[in-house]
């Protein structure tokens, strides 16, 4: 009998945690960025991509019902600031711009807390035929060359700050690799959860045409950020989400990305190229 009432108590507490957490409107780009975001446009693809699955896991652990919304990349932060969405993943304020109604997890110095964020690596892919030394310093190797980034990529400002020439005209990574293959750009840079996350997929798609430079060009952090209203109304759950992201995101995003790499590498080539 005691075990029955104990189990009932746990169930009631779990139900209360879910009820106490307002539905969380998480938004992400409407561009396809494999393996993190699958599909393009407003529709949520199933399976949706590694980053979205990571958010589903985090929200479930915090007991928050999650709804998904896709928006043009340039509208995401403004929508969060206006409170029409509740959460998104983004870089530090000095990169994307400070917004009064956007809340980060902060450390004691008032800076975005790396212990409660996601570690990223901006990796660079070049043509194997160009013979660039893979172990060299990426910023030096790329001087005088055109570096491709996807439209709306949040690290455009960082690359330009390094004095690099940036072409951000392609809608997604697949189109950037096409531009690299055709010689319209000299390199492609993308932020990844682990340096080698795209290696298997590229080997299947392009053989030895492209190589990855060994060293990251940048090591930016990314944070799950919230609208001020959502944070004020759900502090306990938001703090739990931040703690979970900091403790689990590096391992989980790698595992989820490998799952998508295996799935996507078996798809026809046309599935990797989308246009707006």
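The values are calculated or read from the model by the stated rules, or taken from the named source; none is laboratory data. None of these values were measured; they are calculated from a predicted model. Backbone-built Cβ (ideal geometry, glycine too); neighbour counts: all protein chains shown.
Return yes when residue 79 is modelled with pLDDT of 95 or more, surrounded by 16 or more Cβ atoms within 10 Å (Cβ to Cβ) and under 17 Å from residue 24 (Cβ atoms) and no when it is not. Here the answer is yes, as residue 79 does meet what is asked.
Does segment 137-146 contain any residue that is under 22 Å from the mean Cα position of the chain (by Cα), within 25 Å of residue 42 (Cβ to Cβ) and either crowded, with 20+ Cβ neighbours inside 10 Å or in contact (Cβ under 8 Å) with a residue 12 or more places away in the chain (or both)?
Quick first cut of segment 137-146, residues under 22 Å from the mean Cα position of the chain (by Cα) only: 138.
Retained after the next criterion (residues that are within 25 Å of residue 42 (Cβ to Cβ)): none.
For segment 137-146, residues under 22 Å from the mean Cα position of the chain (by Cα), within 25 Å of residue 42 (Cβ to Cβ) and either crowded, with 20+ Cβ neighbours inside 10 Å or in contact (Cβ under 8 Å) with a residue 12 or more places away in the chain (or both): absent.
Okay, residues lined up against (1) at positive phi; (2) modelled with pLDDT of 90 or more:
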site	(1), (2)
124	no, yes
133	no, yes
152	yes, no
174	no, no
189	no, yes
215	no, yes
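Here 132, 89 are screened, and the one residue that is in a loop (DSSP other than H, G, I, E, B) and in contact with a strand residue (DSSP E or B) (Cβ under 7 Å, 6 or more places away or on another chain) is 132. Considering segment 165-182, and only residues there that are in contact (Cβ under 8 Å) with a residue 40 or more places away in the chain and not in a helix (DSSP H, G or I), the residue that is nearest to residue 151 (Cα to Cα) turns out to be 171.
Summed over segment 193-214, the residues that are crowded, with 20+ Cβ neighbours inside 10 Å, within 25 Å of residue 143 (Cβ to Cβ) and within 18 Å of the chain's Cα centre (by Cα) give a count of 1. For segment 37-55, the set of residues classified as farther than 19 Å from residue 170 by Cβ, loosely packed, with under 14 Cβ neighbours inside 10 Å and touching a strand residue (DSSP E or B) at 6+ places or on another chain (Cβ under 8 Å) consists of 42, 43, listed by residue number.
Within the option set 54, 80, 76, 68, being assigned to a strand (DSSP E or B), assigned by TED's automatic domain parsing to the domain that holds residue 244 and under 17 Å from the mean Cα position of the chain (by Cα) holds for one residue only, 68. Listed conditions (1) within 19 Å of residue 33 (Cα to Cα); (2) surrounded by fewer than 18 Cβ atoms within 10 Å (Cβ to Cβ); (3) touching a strand residue (DSSP E or B) at 6+ places or on another chain (Cβ under 8 Å) are all met by residue 177, apart from (2).
Identify, please: which residue in segment 92-104 is assigned to a loop (DSSP other than H, G, I, E, B) and within 17 Å of the chain's Cα centre (by Cα) and is, among those, modelled with the lowest pLDDT?
To start, the set of residues in segment 92-104 that are assigned to a loop (DSSP other than H, G, I, E, B) comprises 92, 97-101, 104.
The next check asks that each one be within 17 Å of the chain's Cα centre (by Cα); those that pass are 92, 104.
Working: 92: 93, 104: 98.
That would be 92.
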